Structures are given as C-alpha cells and as structure tokens.
1. Could you list the GluC sites (Glu not before Pro) in the stretch 18-48 that lie in coil according to DSSP, counting only those with at most 12 other Cβ atoms within 10 Å of their Cβ?
2. I'd like the trypsin sites (Lys or Arg not before Pro) in the stretch 61-118 restricted to DSSP loop residues with at most 12 other Cβ atoms within 10 Å, sorted by number.
3. Determine how many Å³ per residue the convex hull of the Cα atoms of the stretch 35-84 encloses.
4. Going by Cα centres, the stretch 1-63 and the stretch 84-100 are how many Å apart?
5. With runs of 4+ DSSP H residues as the only contributors, calculate the mean residue ellipticity of the chain at 222 nm using -39,500 (n - 2.57) per run, divided by the residue total and rounded to the nearest 500.
6. Amide H to amide H, which residues 5 or more places from T142 or on other chains are under 5 Å from it, using H placed in the peptide plane?
7. With each pseudo-label sitting 7 Å past Cα toward Cβ, what's the L71-E154 distance in nm, one decimal?
8. Highest GNM mean-square fluctuation, the chain, Cα pairs closer than 10 Å: which of I46, I126, I93?
Amino acid sequence: NILQSFIPVGERKTQTSRKEIGEMGTLLKRLVYAYEGDLRVEEWEIDLLSLMHFVSRVKLPDYMFEKEGKLSEFEYEVVQEHCYMARELCEGIQDFQEVERAFLYHHEKIDGTGYPYRLAGEQIPILSQMLGIVEVYLAMTTPRSYRQEASKHEAFAEIKKLTNLSFRADVVEAFGKVID
C-alpha cells in the first residue's frame, strides 16, 4: 500500500503511465509460465516486483526523464542506485527475500558487465534475468522523450542480439514465445 501511494509521483516525474506496472506484471507472469526451467515464483512476488520497479524511479532526479542524449558518468551511477530500492524496503523480511534478490540483480549481465556487482552466468537469479528482459523490452516499446518506440518485433530482435551477453539463451527463448 505504501508503494502504491508513490505511483502518482512516479507518473508525474517520468511522464509515463501506471499502465506500465500492469504491462510489466503481465509480461513477467507470461514469461515465468513460458520458461521451461525450474522456477518457483508466486504471483504476488511478480506484482510486487512490477510495482517496485515503477516506483523506484522516484529516487532519480526529475531532469533525467527529459534529458536527451547520453547520461554523464555521474548520472549513470545515480541511475544504478535504483537497484538498491528492494533491499532498502525488504531487507530482513523473510517472505520478501526472492523479490529483494531479483530486483537487486536485474541489471546484471551474463557476461559480467552489468551492475551493481558485476555478477556473471549462473550467479544471476533467473527471475532477475526475466525482470531485466521485460524492463529492456518495455523501455524500447514505450515512447520516451529521447527516442521513438520500437515495434515489439524490433525490440525482440534487439534483445536476441543480447543473448549470452546480457541474457541467458533459455530466458530469451521463453520471452520469444511470450512475444509471439
């Protein structure tokens, strides 16, 4: 309930819609269902991840959502801070440990070049990978002040290029089924 109170703030700051929360949740649920590996995720965990991801934007300065062009090194470091929101909110709550882990590591990349810890390969939880793919997909298919949105097929073609660099092949394959 507390996170939901931040939704209007997130909408004003980012000039995006709360519909993204539902879109992210729907895509994540479909991806979890389409994934053929061993993964246990509760629906409420996906709902919480989707809500937390949208609301985590309130931590960022307003101007970053209107900025055209590349972020400075400092701005990029500030953006990376949103990964810690789940830890700040969920740390020590037993039932929220998977949500905390998934959110903390959702910008880690299979090749070890992600953030915040530069984890690689199997060190990255599957649910983090899934959240990362859905985030990238929604970022590409949603209009932003700094670029045109891509079609779902264009976005997926870009995600496929990140197979074994950013994302596991089995997660990308499952996401392809979701998009189709």
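1. Details: sites: E20, E23, E36, E42, E43, E45; in loops: E36, E42.
Sparse-neighbourhood loop GluC sites (Glu not before Pro): E36, E42.
2. Values: sites: K67, K70, R87, R101, K109, R118; in loops: K67, K70, K109, R118.
Listed in order of number, the matching sites are K70, R118.
3. On the way: hull volume 6.6 nm³, N = 50.
In the stretch 35-84, the Cα convex hull volume per residue is 132 Å³.
4. Each part's Cα centre sits 15 Å from the other's.
5. Values: 10 runs with 100 residues, N = 180.
Value at 222 nm, helices only, nearest 500: -16500 deg cm²/dmol.
6. Long-range HN contacts for T142: A150.
7. 2.3
8. Sorting by GNM fluctuation, first place goes to I93.
The values are calculated or read from the model by the stated rules, or taken from the named source; none is laboratory data. As the structure is a computational prediction, the values presented were derived from the model and not from experiment. Backbone-built Cβ (ideal geometry, glycine too); neighbour counts: all protein chains shown. All accessible areas refer to the heavy atoms of the entire protein, side chains included, with ligands and DNA or RNA removed. Shrake-Rupley method; radii C 1.70, N 1.55, O 1.52, S 1.80 Å.
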